[in-house]
Amino acid sequence: MNTSSVALDKPAETPRAKAGSGDIAVCNAAVRSTAVRRTRFYAFGLLPVAAWGLLGAITLFWPDKPSGFAEEWPCTREFGAGALTLAAFWLLLAITASFSSLPRVIERINAGFRHFAPWLIVLPLFLALWEILTAKTGALAPPFFAPPSSLIEAYRDDYARLADSAWNSIKLLLEGILWGALTGFTIGVAIGWSQRINYWLHPFLRFLGPLPPTALLPIAFFFFPSSHSASVFLIALATGFPVAILSWSGIASVNKAYYDVARTLGASERFLIFRVAIPAALPQVFVGLFMGLGGSFVVLIVAEMMGVKSGLGWYLEWAKGYADYVKMYAALILMTFLFSGLISLLFAVRDRMLVWQKGIVKW
Amino acid sequence: MVKANTLRADSPSTFPQEDAEKAPFHGTSGIVLDQVCHAFDAPASRLDVLRDVSLAIAPGEFVALLGPSGCGKSTLLRLVAGLERASAGTITQDGAPIDHPDPSRIVVFQDPTLFPWRTVWQNVALGLEARGVLKQEKARVDEALCKVGLESFAHVYPHQLSGGMAQRAALARALINQPQLLILDEPLGKLDSLTRMEMQGEILSLWQKNGFSVLLVTHDVEEALFLAQRIVIFSPRPASILAQIPIDRPYPRHRGDPILANLRHEVLNRLGLGESW
Ligand SMILES: Nc1ncnc2c1ncn2[C@@H]1O[C@H](COP(=O)(O)OP(=O)(O)O)[C@@H](O)[C@H]1O
Ligand SMILES: [Mg+2]
């Protein structure tokens with residue numbers, strides 16, 4: 001999470017060092033006059049260019065193996081052209097990355113390019129292998145396997161339905177997470193703070209907590225007025241349980257000396273809860289949120305597959321009905337971006353709220 | 001550095017030299033402990049920690065407590081702070097019983113216990129914030145930071161401070177409340193010896209300028225002799241007072257003072273460590 005931002009601030013030195021022997025003299029008057037200095041040619045930056053070029057060439061010039069009812073997979077040409085365009089773009093970055101004293105924005109882009117260069121080599125090689133095994137040789141046969149190029153078609157032809165499904169998933173998910181996180185946090189703090197509340201609520205957490213919320217799905221669909229409200233409830237349950245448990249343990253493990261200090265300074269009970277206990281417990285609360293998020297994704301997809309008539313889970317079932325595996329892959333990839341995006345968002349919020357932890361713990 | 005108006009109105013301009021022989025119950029001002037006993041309810045049996053401790057601390061007086069480790073000194077401090085109630089006996093401040101913590105009696109522990117999620121400034125502001133007067137009295141936070149020389153570290157987080165600086169921040173957090181009594185529980189115990197000597201000087205000058213009383217627990221006999229007007233020596237647990245030794249030497253004191261060296265011998269004797277000297 002954090003390594004990338006560190007690397008952006010401070011360009012990695014290794015690729016530069018590797019470039020040492022392949023030093024190419026690029027120097028002209030224009031460069032000198034703007035006080036932009038050439039350092040060393042970033043030769044390592046040529047490898048992503050070559051890799052993406054190779055991917056484009058294979059896609060475009062190696063004919064598809066005819067399969068089923070089509071001579072050629074759809075969007076092969078677009079995919080190849082896209083790969084070549086990216087190769088050209090990486091070439092541009094490799095050249096600018098060879099100069100220093102550029103504007104800050106470009107410096108940052110360069111640093112990013114240097115950081116991701118190894119991935120930009122591995123990724124196209126993987127895609128090329130995938131393309132060869134599916135479209136070019138047919139080693140992995142349709143309909144279960146499809147070349148990466150065909151995904152473009154799935155997104156192009158069905159973007160409206162996909163976007164709508166993704167949007168519905170996000171709405172349902174966020175509604176459930178919000179309720180779950182708020183109630184879980186409140187309950188966790190309450191049982192961490194008050195013996196009496198602990199006495200009454202602890203058994204519920206103990207016995208109902210370990211029950212997988214998905215097991216309640218059929219019943220919830222029956223009891224709630226709509227499949228939407230039932231899903232919100234179950235997603236909230238999946239999020240709320242770990243949040244409650246970890247908020248509770250966070251509050252319970254606060255150093256007692258903090259309370260002593262605050263009490264001698266004249267703190268009220270309210271101050272002890274909101275200014276001492278909760279801030280001290282917050283790192284644990286975020287662990288709970290992280291776990292809760294994972295649980296909520298499971299419930300979301302299962303609920304959408306079983307009853308909710310929209311969303312990415314529903315889309316998967318729908319595509320399965322047509323045996324359209326390409327669309328399923330497309331939906332899965334979208335899901336991956338959606339869920340990892342939410343996790344990244346959570347981390348970003350945590351990094352902001354827990355800046356004080358920097359230097360105490362290693363993230 | 002400290003303006004005259006920051007001195008407590010009721011603080012005496014000279015520091016009374018408490019006579020050790022004097023009965024502790026001569027008046028109602030200051031802190032008075034009367035036959036205080038304390039025990040913890042251990043699972044198996046009661047753990048007696050304090051036995052019949054009677055002690056008076058006059059306003060503005062600097063008293064050091066010495067005693068074997070685990071004898072009950074910290075417990076005594078917690079009772080005086082009002083963090084716990086004594087099992088028996090009474091503790092009063094200016095005649096009123098102490099039954100809850102109050103900003104007029106602030107404890108500084110061996111660990112600075114700064115809140116790691118707050119900057120140094122926010123930590124020092126804690127007392128004002130807790131009592132809801134921070135908005136009006138913001139300037140006092142900067143003033144308190146100046147007193148301990150941390151003004152340039154106002155906006156860093158505690159983990160970025162050295163041990164000495166953290167303890168200075170804890171002192172500032174205590175002093176901003178203008179306490180009548182500063183309770184110090186081995187405040188310098190974890191610092192290296194050079195920092196400790198430096199901080200001893202600072203505690204002394206803060207005490208002289210601000211006129212509060214100090215109740216200091218230390219395991220360092222030299223520290224007690226260098227700082228305190230009176231040393232109270234406790235027995236092993238359950239702690240009771242073995243002796244009270246007045247240190248009738250003017251400030252600033254010198255660590256090599258031969259009279260202090262003699263007193264040191266006496267203190268060590270009382271602690272049962274006379275032979276090692
Ligand atoms: N909250 C507590 N519950 C039970 N026993 C305690 C508690 N606090 C301290 N004690 C015991 O009381 C004795 C005195 O402790 P303390 O006052 O911390 O000694 P010290 O003189 O070293 O500061 C020790 O034996 C300690 O184990
Ligand atoms: Mg102690």
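None of the figures in this text is laboratory data; all of them are computed from the coordinates on show. Nothing here was measured: the structure is a model prediction, and the numbers come from that model. So basically every Cβ, Gly included, is an ideal-geometry build from the backbone, and we count neighbours across all protein chains shown.
A few notes on this one:
- Amide H contacts of A:Phe99 (H built 1.01 Å from N, under 5 Å, at least 5 apart or other chain): A:Thr39
- FRET efficiency for A:Phe144 and A:Ile343, using Cβ-Cβ distance with R0 set to 22 Å, rounded to 0.05: 0.15
- Kirkwood-based shape ratio for segment B:41-173, expressed as Rg/Rh from alpha carbons: 1.03
- When restricted to Cα atoms, segment A:126-277 yields an Rg and a Dmax of 24.4, 77 Å, respectively.
- Between B:Lys135 and A:Trp167, the C-beta separation translates, for a Förster distance of 45 Å, into a calculated FRET efficiency of about 0.50.
- Mean partner shielding of peptide A:207-213, defined as the number of other chain Cβ atoms within 10 Å of each residue Cβ, is 0.
- Degrees, to the nearest 10: A:325-353 long Cα axis against longest axis of chain A: 60
- The overall shape of segment B:112-178 is prolate: from the C-alpha gyration tensor, with semi-axes ordered a ≥ b ≥ c, the ratio a/c is 1.5 or greater and a/b exceeds b/c.
- Note: relative contact order over chain B, using C-alpha pairs below 8 Å and six or more positions apart, is 25 percent.
- Relative to the dominant Cα principal axis of chain A, helix A:76-96 is inclined by about 90°.
- Average Cα contact separation per residue, segment A:125-261, under 8 Å, 6 or more apart, as relative contact order %: 30
- Reach of A:Lys309 by Cα under 13 Å, taken over aspartates and glutamates that are not fewer than 8 positions away in the same chain: A:Asp164, A:Glu317
- Across A:Lys358/B:Lys147; A:Lys256/A:Lys358; B:Lys73/B:Lys147, pairs whose alpha-carbon gap is larger than 26 Å: A:Lys358/B:Lys147; B:Lys73/B:Lys147
- Other protein chain Cβ atoms within 10 Å, averaged over every residue that makes up B:107-120: 4
- Label-point separation, B:Ile259 to A:Ser194 (7 Å along Cα→Cβ), nm: 6.1
- Rounded if a/c under 1.5, otherwise prolate or oblate - segment B:156-275, Cα gyration tensor axes: prolate
- In degrees, nearest ten, helix A:278-306 long axis to first principal axis of chain A (Cα): 70
- In summary, the convex hull built on the alpha carbon positions of the protein assembly as shown has an orientation-averaged projected area of 42.8 nm².
- Taking a ≥ b ≥ c as the square roots of the eigenvalues of the alpha carbon gyration tensor, chain A is oblate, as a/c is not under 1.5 and a/b does not beat b/c.
- Remark: mean inter-chain Cβ contacts per residue of B:92-103 equal 2, using a 10 Å Cβ-Cβ cutoff to other protein chain atoms.
- Evaluating 6.51 cos²θ - 1.76 cosθ + 1.60 at θ = phi - 60° for every residue in segment A:264-269, the Karplus couplings come out as 5, 7, x, 6, 7, 4 Hz, glycine and proline recorded as x.
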